[in-house]
Amino acid sequence: MDCKKLYQRFKQWQLSPFENEFASHKTCHCSNCGHDFVGNFCPYCSQKQGIGPITWKSVAKGIGELWGLHNRSLLYTIVQLLLRPGYFIGDYISGKRQVSFPPVKMLMLIGVMGVIVDLLTGAIHGFVYSKGAKLAYVNDVFNWLNNNVQGMFPPPSEFLSRVLHWLNTHPDVFSLILLSFLIIPVHIIFRFSPSNTRHTLPQGFFIQVFSTALFLMLNMLYDITAKGWFVAALGALMVFMTYKQLFGYGVWGTLWRVVVAFVCAFMLLSVLLNINYGIYLLENHQPVTARDFFLNAPICLAILTLILVACYYISKPRRSHQAN
């Protein structure tokens, strides 16, 4: 077995998995209605060109369609997302809509599947770690931090507690909200990438919709196996592959940009958390401590702005100084 040749074939499939060649240069004979025509489809009966007697390839294709492995099906889209995530997302946001099951609908369906897996594994409302034991409810994470990290983190305000309680039962929405903090950092940091240059914020939304679907599938794997280290390593690899394939940078160029993008996303999230802490402390008549948390928000935003501006100018192509 020639492993190198197999990998090259797989790589070629990742780059171009769909058969969309236009056969306008030759005349085809329709085996259904008997007419000759030029193009991909018969203008008389609409049958696709190239369809002939049944072969083993036809059998394999029929079985694939039976199990949902045909274009635009949910299962086929999931396979594409797992094996060529960045290329697949790039195809979709560049206008190749027929390659994908509707992404928002897919996210909702995977979210429902995730809830079912949570129920079956006993992980509903919580994070699973160490052979299925629950670490904490999402809306109790603040309390856990307060009790275990030297009292540095007060519990959430009553409003945020109710919001997080609702998000516990809607993992698809919760994951999308968390990953949505990546939209602006990714938009700026990958602004001048070799592939998908100057991608827009609406495209960034769909990038995170697909990323959320991937995250939910990894979360289901985590719930089933309780192998946190394995799922974490696989998740990091999937994130790296997605951004490398999607934006076309090299290994190190992708790596540092992904790390900085996630750091910026956490900083954006920390702004909201500091505001939440400030509100909680004001409600509990601790205005001095609350003021410190409120001051953290603009400081964090200022540092975030500096990081994003620096990344923007580092990535910006340099103008040639050669004489015309």
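Note on F41, F101: ascending count of other Cβ atoms within 10 Å places them as F41, F101, the fewest first. Fully extending the segment from W13 to L218, taken as 0.36 nm per residue of separation minus the present Cα-Cα distance, adds 71.4 nm.
Taking other C-beta atoms within 10 angstrom as a stand-in for reagent exposure, D223, D2, D292 fall in the order D2, D292, D223, fewest first.
Here the spin labels are modelled as points 7 Å beyond Cα on the Cα-Cβ line, and at R97 and K48 they lie 2.0 nm apart.
Specify whether the C-alpha gyration tensor of the range 210-324 places it in the rounded, prolate or oblate class, a ≥ b ≥ c being the square roots of the eigenvalues: rounded for a/c under 1.5, otherwise prolate if a/b is larger than b/c and oblate if not. Oblate.
Based on alpha-carbon atoms, the Kirkwood radius and the radius of gyration of the range 193-250 give Rg/Rh equal to 1.07. Cα centroids of the range 200-231 and the range 253-324: 23 Å apart. For F41, nonlocal amide neighbours, meaning residues 5 or more places apart or on other chains whose placed amide H falls under 5 Å from its own, are Q49.
A short reminder: the numbers here are calculations on the coordinates, not readings from a lab. In this text the structure is predicted, and so the values were computed from the model without any measurement. Because the Cβ atoms are built from the backbone with ideal geometry, glycine has one as well, and the counts that use them run over all protein chains shown.
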